[in-house]
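Asker: Here it is, the structure in full.
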Amino acid sequence: MELYKLTVHELSNLLKSRETSCKEIVESIISRIKELDNTIKAYITLTEEQALKKAAEIDNQTDGERFSESALLGIPAAIKDNICTKNIKTTCSSKMLQDFIPPYNATAVDRLEEKGSIILGKTNMDEFAMGSSTEKSAFFKTKNPWNLETVPGGSSGGSAAAVAADEAVYALGSDTGGSVRLPAAFCGVVGLKPTYGSVSRYGLISLASSFDQIGVITKDVTDCAIIMNAIYGQDPNDSTTVDLDLQDFTESLINNVKGLKIGIPKEYFAEGINEDVRDSVLEAIEMLKSLGAEYDEVSLPHIDYSLPTYYALAMAEASSSLARYDGIRYGYSADDSEDLTDLYKKARSEGFGSEVKRRIILGTYVLNSENYESCFIKAQKVRTLINRDFAKALEKFDVLISPTSPTTAFKLGAKRDPVSMYYSDIYTIPANLAGLPAITVPCGFSQGLPIGLQFIGRAFDEKTLIRAAYTLEQNTDFHNKRPEAINR
Amino acid sequence: MKITKDDIEYIADVAMLYLNEEKKEHYTEELNVVLNQIAKLGELDTKDVEPTVHILPLKNVWREDKIEPSLDSEQVFMNTENGEEGFFRVPKIIED
């Protein structure tokens, strides 16, 4: 068995029993990356030397005991390139930050490193996380390992493709409107967006601050619980994090859904959904029922307004977040400016790509005094209505189930107009509007491409999501499948 | 709600962006499609609905007023070409 194929918990067990070393693990992943990444193009930056050095340090200094204390000790990680890594280039896949080297780590990265995980590289994404296909990277397009002519989804497409292609053991991504879950679903891996406020955003380069959350992309649900244990919890550097009780998410890896109440939001199964996607999700629901869960239909009457609500608010917040890029203190700097205004405008016009400018302009328009009430405040009010729908549904049900996306991965270049691209996130956006946790797990295939099923849970109840997702996983075989296109 | 090319020019200016003619036309067209979607929110009666500014019931967080380490000047200037003797250099902003 090749080491690169294994999960975090499998590798950790081999380390505990001294059947392998950290150095062998890191070397195995690096050789996999060298073999495949010219094709997949998941990574922007590789930190091969530092990673090998750290692995050797751990091997030399550690007795078997410490591997029992941390399942992440010596395990390599891939980090989305909008999450700051000290002294490692962090570009946001933008010309604006192409040479940016953060002088500090994001809290989530610090926490992974405290547990002994080794940063192996930074992954490609849509520029500033604005996109659903990773085609909007200013550098290159990442391919879906299941079919090299299709997109990996986005915006954390590099992270999801790396995990699916066994070029990473696990990865961090970020999820503002579905950017962890959509690529995880398209690439047939597990993706968790935690509750807003449960994982620190310190060092995550902001897109829309009331929506952004760092999330986890893994090969199975067990790994997802292990990574959550490391990164969740309050952080003095992010005042929107919540003081949570100490939790062990691995306690929720229970293969049992007896008595679990599942709500099926009927609006998620309406027009526009691919038939294979619908059938696979419905089949999974029947299977959970046969294992003792109960389900019933539920209505979220305002859910059809999620997309316009999200775009009004997220673009307004993005236009404000991105006002910091002035071409002076860090980031792209233009030559020969006439005056200060010209300097700002040149840096921003040359540094930002087309989708970023589109959203800055729309966001600025929404925040313009004339439209503030009718667009921005209106959308905030509709957000309240959507949140109420969820609160009501989750009074009655423990989790809601939907497809993660109405379709499987689409062809590279297939979605040229922004609105049809935005539509890819239609099932993931509502959880961001309501700040709720949501996880995607593989639940089938359509024409060789993976299908994702999404569980949405109550705020700060990741444990129920993990239990439900784990049960589904343990009773199916989808998570053990690997893309044939790259494993011949 | 309809966005015109003049609106785009004005917005681009306040957002500190240069756009060429082609981009202006392009964005005018595309943003009207997105705005049409946003205009659908007008169908809903939200007269007595409070806006959600933020999803959590957050209070301001205070910390002890004590000195903590911050970035040293080398780190502050490591990502710019505009550093000069501990300052950021910008074009002249005061007229003679």
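Asker: Kindly list the residues of the range A:412-446 that lie in the label zone of A:Glu149, defined by a backbone N under 14 Å from the point 7 Å along the Cα-to-C-beta vector.
Answerer: Hits in the range A:412-446 for A:Glu149 at 14 Å: A:412-414.
Asker: While we're here: Which whole-number percent gives the relative contact order of chain B, counting Cα pairs below 8 Å spaced six or more residues apart?
Answerer: 20 percent.
Asker: Compute the FRET efficiency between B:Glu84 and B:Tyr18 as 1/(1 + (r/R0)^6), taking r as their Cβ-Cβ distance and R0 = 22 Å, and round to the nearest 0.05. Please report the intermediate quantities before stating the final value.
Answerer: Working: r = 27 Å, r/R0 = 1.20.
The pair B:Glu84/B:Tyr18 has a calculated efficiency of 0.25.
Asker: Follow-up question, since we're still on this one. For the range A:277-348, give the magnitude of the charge dipole about the Cα centre (Cβ charges: +1 Lys/Arg, -1 Asp/Glu; no others), in debye to the nearest 20. Present the calculation step by step, with values, prior to reporting the outcome.
Answerer: Details: 7 positive and 14 negative charges, 57 e Å.
Charge dipole of the range A:277-348: 280 debye, to the nearest 20.
Asker: Using unit Cβ charges (K, R positive; D, E negative) and no other charged atoms, how large, in debye to the nearest 20, is the dipole of chain A about its Cα centre?
Answerer: Dipole about the Cα centre, nearest 20: 500 debye.
Asker: Follow-up. Decide, for chain B, between rounded, prolate and oblate: order the square roots of the alpha carbon gyration tensor eigenvalues as a ≥ b ≥ c, take rounded if a/c falls under 1.5, and otherwise choose prolate if a/b is larger than b/c, else oblate.
Answerer: Judged from the Cα gyration tensor, chain B comes out oblate (a/c at least 1.5, b/c at or above a/b).
Asker: Then there is this: At 222 nm, what helix-only mean residue ellipticity would chain A give, in deg cm²/dmol to the nearest 500, using -39500 (n - 2.57) for each DSSP H run of four or more?
Answerer: Taking each H run of at least 4 residues, the total per residue is -11500 deg cm²/dmol.
Asker: Buried by at least 40 Å² relative to the chain on its own: which residues of the range B:16-33 qualify, computing accessible area with a 1.4 Å probe on protein heavy atoms?
Answerer: With the partner chains in place, the range B:16-33 has these residues losing at least 40 Å²: B:Met16, B:Leu17, B:Tyr18, B:Tyr27, B:Glu30, B:Leu31.
Asker: Continuing with this model, one more query. In the range B:1-49, what chymotrypsin sites (Phe, Trp or Tyr not before Pro) fall in a loop by DSSP, with at most 16 other Cβ atoms inside 10 Å?
Answerer: Counting only loop positions with at most 16 other Cβ atoms within 10 Å, the chymotrypsin sites (Phe, Trp or Tyr not before Pro) in the range B:1-49 are B:Tyr18.
Asker: At q = 0.08, 0.11 Å⁻¹, what base-10 log of I(q)/I(0) does the Debye formula yield for chain A when every alpha carbon is treated as an equal point scatterer in vacuo?
Answerer: -0.43, -0.84
Asker: Can you list the GluC sites (Glu not before Pro) in the range A:3-93 that are in a DSSP coil and have 11 or fewer other beta carbons within 10 angstrom?
Answerer: Passing both the DSSP loop test and the Cβ count: A:Glu19.
Asker: To continue, here is another question. Once Lys and Arg get +1 and Asp and Glu get -1 on their Cβ, which of A:Thr47, B:Val49, A:Leu412 lies farthest toward the positive end of the dipole of the protein assembly as shown?
Answerer: Final value for the positive-end residue is A:Leu412.
Asker: Moving on to the next point. Let me know the charge dipole size of the range A:359-488 about its Cα centre in debye, to the nearest 20, where only the beta-carbon of Lys, Arg (+1) and Asp, Glu (-1) is charged.
Answerer: Computed charge dipole of the range A:359-488: roughly 140 debye.
Asker: Mind giving me the FRET efficiency for B:Glu43 and A:Lys89? R0 is 41 Å, r the Cβ-Cβ distance, nearest 0.05 is fine. Kindly include the intermediate steps, with their values, before the conclusion.
Answerer: Values: r = 46 Å, r/R0 = 1.13.
Here the calculated transfer efficiency is 0.30.
Asker: If each of A:Lys289 and A:Val419 carries a label point 7 Å out from its Cα toward its Cβ, how far apart are those two points in nm?
Answerer: So the two model labels end up 3.7 nm from each other.
Asker: All other residues with a Cβ under 13 Å from the Cβ of A:Tyr311 taken together, and with Lys, Arg as +1 and Asp, Glu as -1, what is their net charge?
Answerer: +1
Asker: What is the extension gain from A:Glu297 to A:Asn60, computed as 0.36 nm multiplied by their sequence separation minus the C-alpha to C-alpha distance, in nm to one decimal?
Answerer: This chain segment gains 79.7 nm when fully extended.
Asker: Related question: Using a basic spin-label model with each label point 7 Å from the Cα along Cα→Cβ, how many nm lie between A:Glu2 and B:Ile94?
Answerer: For A:Glu2 paired with B:Ile94, the spin-label model returns 6.5 nm.
Asker: For the range A:411-443 and the range A:240-318, what is the centre-to-centre distance using only Cα atoms, to the nearest Å?
Answerer: Cα centres, the range A:411-443 to the range A:240-318: 13 Å.
Asker: Find the sum over both chains of the accessible area lost when A and B are paired, probe 1.4 Å, and report it in Å² to the nearest 100.
Answerer: 5100
Asker: Probe radius 1.4 Å, ligands and nucleic acids ignored: give me the carbon and sulfur share of the accessible area of the range A:256-326 as a rounded percent.
Answerer: 43
Asker: Could you check what % of the DSSP bridge pairs in chain A are antiparallel, to the nearest 5?
Answerer: Expressed as a percentage, antiparallel bridges in chain A total about 70.
Asker: Decide, for the range A:222-331, between rounded, prolate and oblate: order the square roots of the alpha carbon gyration tensor eigenvalues as a ≥ b ≥ c, take rounded if a/c falls under 1.5, and otherwise choose prolate if a/b is larger than b/c, else oblate.
Answerer: Oblate.
Asker: Oh, and also: Using θ = phi - 60° and the Karplus form 6.51 cos²θ - 1.76 cosθ + 1.60, what ³J(HN,Hα) does each residue of the range A:77-93 get, whole Hz, x for Gly and Pro?
Answerer: Karplus-based 3J(HN,Hα) across the range A:77-93 equals 10, 10, 10, 4, 7, 10, 10, 5, 10, 4, 6, 10, 3, 9, 9, 6, 6 Hz.
Asker: Accessible area per residue for the protein assembly as shown in Å², computed with a 1.4 Å probe and the full protein assembly in place, what is it? Don't jump to the answer; show the numbers that get you there.
Answerer: On the way: 24000 Å² over 584 residues.
I get 41 Å² per residue for this part.
Asker: Do any trypsin sites (Lys or Arg not before Pro) in the range A:272-343 lie in a loop, going by DSSP, with at most 15 other beta-carbon atoms within 10 Å of their beta carbon, and if so which?
Answerer: A:Arg329
Asker: Give a residue-ordered list of calculated ³J(HN,Hα) values for the range A:315-320 (Karplus: 6.51 cos²θ - 1.76 cosθ + 1.60, θ = phi - 60°; whole Hz; x for Gly, Pro).
Answerer: Working through the residues one at a time gives 6, 4, 5, 5, 4, 6 Hz.
The values are calculated or read from the model by the stated rules, or taken from the named source; none is laboratory data. Since the model is a prediction, treat every value here as computed from it, not as a measurement. Backbone-built Cβ (ideal geometry, glycine too); neighbour counts: all protein chains shown. Each accessible area value is taken on the protein alone, full model and side chains, heavy atoms only, with ligands, DNA and RNA left out. Shrake-Rupley method; radii C 1.70, N 1.55, O 1.52, S 1.80 Å.
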